[in-house]
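**Q** Structure in structure tokens, see below.
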Amino acid sequence: MSSFTTPLIVSPQSNGRDWKLYRAFSYHIGTKYGKNKITVPPGFLTDFASIPKFLFWLLPWWAKFNKAPVLHDYLYQTKRIMHRPITRKQVDDVFLEAMLIEWRHHRSRYFLARLEWLAVRIFGLWAWHKRGEAYYRK
């Protein structure tokens, strides 16, 4: 089972949309102590889950504000895991895995995780190709 290894510590930014990561957090892919590890560094900016407005009513509040969307934002920006290039499909699959791990105690986790995964598969192409936005600020 995969795992997050550290807590998520963020602070809202003055624009009312972004949140700044104040402490790095890590995620092990595939197994709890697997060698494929993603570390999101401090200073990274996220907007958590960018859920289309017409889908937002389907999801509970906790589905937006958690580690999986931050991990997904980071991977969409860097397009790498441990300095190796990855595809958008691989990133979206890591997102699904992370949601299922993080939401393991919620009975609707499979439905909600697959719904969010489907949303990023359908609507994430623009974000994948977006360039020039500053995600790190000190």
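**Q** In this structure, does residue 102 turn out to be charged (D, E, K, R), under 23 Å from residue 10 (Cβ atoms) and modelled with pLDDT of 90 or more?
**A** no
**Q** Could you grab me the full set of residues in segment 31-51 that are out of contact with any His (no Cβ under 6 Å at 6 or more places or on another chain), modelled with pLDDT under 85 and either farther than 19 Å from residue 66 by Cα or outside any loop (DSSP other than H, G, I, E, B) (or both)?
**A** 31, 33, 35
**Q** So residue 26 clears everything in (1) in a strand (DSSP E or B); (2) modelled with pLDDT of 95 or more except one condition, right? Which one?
**A** Only one criterion is unmet by residue 26, namely (2).
**Q** Related question: What pairs come up if the first residue lies in segment 15-43 and is within 15 Å of residue 72 (Cβ to Cβ), the second is surrounded by fewer than 12 Cβ atoms within 10 Å (Cβ to Cβ) and not aliphatic (A, V, I, L, M), and their beta carbons are under 6 Å apart, counting only those six or more places apart or on different chains?
**A** 19/12
The values are calculated or read from the model by the stated rules, or taken from the named source; none is laboratory data. In this text the structure is predicted, and so the values were computed from the model without any measurement. For neighbour counting, all protein chains shown are included, and Cβ atoms are generated from backbone atoms with ideal geometry for every residue, glycine included.
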